[in-house]
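Visitor: Got a structure for you, questions after.
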């Protein structure tokens, strides 16, 4: 049994089997011990463990195979490039298991319903100061045209003109836009993020059964998907804006857009959720029809 101390009879048997020319793996099988245990015991007894070990023979064969495949300079710069090119050729197209259609379908089925680990940064609260820094960093980064993904890939004038003519006068109907948005959100398994969950809890506590979360694409208006809508006859919409994702001018744009359809809109910024008493008063004024 593994872990059982060796007795004198077992030690004598190890010596006799070793003299008969058996390797350490065969000795371990006969004594019903692990290879590492027999190796350590044989080494402590002063027996020759180098020439009698399978691992040395296998390592030598692997080294010879590697030299035949990549050459004697396999660890030089040229050898590294050669190994990388061989690996790339080997994993091209259907040779790569992750490129096969059946494997992609299995991965897709396994990932359905699993939220993205980067979405919402689970268990991590980002302070307001850091969110502002991230927002400024993103603005500075994309202010340089060289950081654009299409930079350095210019299109010909003929291609631009062809695309311009194809898009000229092409305007999709609101029904088609709504259908596309709903299909996209359904495929993304859209669910409320942390600020939306926090606001949903506050709305339910303050105005029970008054507001419903529709940010999953279940309610589209004017080609946009609001976050919360009143379900008891009041044409009121509440939106949650993140300081990292939205600009101040977008607040007025969204309010004017929904006003065309007769809806009053309240924009709640994510940092306002840090002051619940003040936000509750603002929500109450908006719900009761007071201008906010």
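Visitor: What residues from the stretch 249-292 fall in the zone where the backbone N is under 11 Å from a label point 7 Å along the Cα-to-C-beta line of residue 128?
Guide: 269-276
Visitor: Another question about this same structure. Where both partners of a DSSP beta bridge lie in the stretch 180-279, what percent of those bridges are antiparallel, to the nearest 5?
Guide: Close to 50 percent.
Visitor: Once the Cβ-Cβ distance between residue 137 and residue 109 is put in as r, and R0 is 35 Å, what FRET efficiency do you end up with, to the nearest 0.05?
Guide: In this case the efficiency is close to 0.40.
Visitor: Find the Cα radius of gyration of the stretch 154-290, compare it with 2.2 N^0.38 Å by division, and give the number to two decimals.
Guide: 1.27
Visitor: Using 0.36 nm per residue of separation minus the Cα-Cα distance, give me the extension gain between residue 144 and residue 284 in nm, one decimal.
Guide: The span from residue 144 to residue 284 would gain 46.0 nm if fully extended.
Visitor: Could you tell me which of rounded, prolate or oblate describes the stretch 8-52, using a ≥ b ≥ c as the square roots of the eigenvalues of the alpha-carbon gyration tensor, with rounded for a/c under 1.5 and, failing that, prolate when a/b is larger than b/c and oblate otherwise?
Guide: Since a/c stays below 1.5, the shape of the stretch 8-52 is classed as rounded.
Visitor: Let me ask something else about it. So how far, in whole Å, is the C-alpha centre of the stretch 1-43 from the one of the stretch 216-292?
Guide: Result: 76 Å between the Cα centres.
Visitor: Could you give the nm distance between label points at residue 86 and residue 255, where each point is 7 Å from its Cα heading toward the beta carbon?
Guide: Calculated label separation equals 6.7 nm.
Visitor: Subtract the Cα-Cα distance of residue 271 and residue 8 from 0.36 nm times their separation in residues, and report this length gain in nm to one decimal.
Guide: 87.2 nm
Visitor: In what sequence, highest mean first, do 157-165, 14-22 appear when ranked by Cβ atoms within 10 angstrom?
Guide: By packing density, highest mean first, the sequence is 14-22, 157-165.
Visitor: When the chain is fully extended, how far beyond the present Cα-Cα distance does residue 167 get from residue 244, taking 0.36 nm per residue of separation?
Guide: 24.6 nm
Where a number appears in this text, it was derived from the coordinates with a stated rule and is not lab data. What you see is a predicted model, and the numbers here were worked out from it, not measured in a lab. Cβ sites come from the backbone with ideal geometry, for glycine too, and all protein chains shown count toward neighbours.
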